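Only the coordinates and a few stated rules stand behind these numbers; no lab work does. This structure is a prediction, so every number in the text was calculated from the model and none was measured. Positions of Cβ are generated from backbone atoms using ideal geometry, with glycine treated the same way; all protein chains shown enter the neighbour counts.
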Amino acid sequence: MSITLIIIVVTVIISVAAWNNYSLMDRWIMNPYQVASRGQYYRLITSGFLHADWGHLFFNMLSLYFFGGFIEQVFGLLFNNNAPVFLIGFYLVAILVSDIPSFLKHRYDPGYNSLGASGGVSAIIFAAILFRPLTPIYLYFIPIGIPGFIFGALYLAYSYYESRRGGSHINHDAHFYGALFGVLFMIVIYPAVIPSFIEQIAGWRPF
């Protein structure tokens, strides 16, 4: 079984278990106040394996499934036999990094909670976009595919805008910083991806 499928299976099992066990949900959800006041830093990672409902879980895991396989291939070429360890580490660190801005912003608010794999999934998606910027990405409400680099730019702009605007139950900070982490990580470990990315988008034509 691939690492991507293992992550998906583990996430589904933990999410469903938490729906049926409120104490598990309460202990593992990302509550910045509990993290700051009680030193429960594990929540920054465990919250990435929890989801609010089936729709939330399905969308994240479907996105992970579509992009995770390609990133597994990339890690296999870069790290050989150590690829599984690096991929799991990449995913977990992405979840952690994507939660830090929310932790800093809401650490004095005991009523704020956040959950979901969006930070890790965004890192996977944007790492894939960096290697294949012209691959079309399809959204449910748009019948045609959007080139990955255009989707990525729109996604980052939207996430940043919604984060600044506030008032949403969606953790846009996790989306934004998870995506940035995915891009920066791949650039650091494989700098040659930058000229390749530029060359691909330079040759793109809309028609």
**OP:** Would you mind computing Rg(Cα) / (2.2 N^0.38 Å) for the range 113-174, counting N as its residues?
**Re:** 1.19
**OP:** Would you kindly compute the Cα radius of gyration of the chain and its largest Cα-Cα separation (Dmax), both in Å?
**Re:** 17.2, 56
Original post:
So what is the relative contact order for the chain, in percent, with contacts set as C-alpha pairs under 8 Å and at least six apart?
Top reply: 23 percent
**OP:** Return P(r) of the range 80-197 (all Cα-Cα pairs; 5 Å bins starting at 0; whole %; ordered from short to long distances).
**Re:** 2, 11, 18, 22, 19, 14, 8, 4, 1, 0
Original post:
With θ set to phi - 60° and the Karplus curve 6.51 cos²θ - 1.76 cosθ + 1.60, what are the ³J(HN,Hα) couplings of the range 113-118 in order, to the nearest whole Hz, using x for Gly and Pro?
Top reply: 9, 9, 7, x, 8, 4
Original post:
How do V97, V121, V188 rank when sorted from fewest to most other Cβ atoms within 10 Å of their own Cβ?
Top reply: V188, V97, V121
**OP:** May I ask you to evaluate 6.51 cos²θ - 1.76 cosθ + 1.60, the Karplus curve with θ = phi - 60°, for each residue of the range 31-45 and list the ³J(HN,Hα) values in order in whole Hz, giving x for glycine and proline?
**Re:** 10, x, 5, 5, 4, 6, 7, 10, x, 8, 5, 4, 4, 5, 9
Subject >> the range 98-109 - phi-based ³J(HN,Hα) in whole Hz, Karplus 6.51/-1.76/1.60, Gly and Pro as x >> reply: 5, 8, 4, x, 5, 4, 5, 6, 10, 5, 9, 10
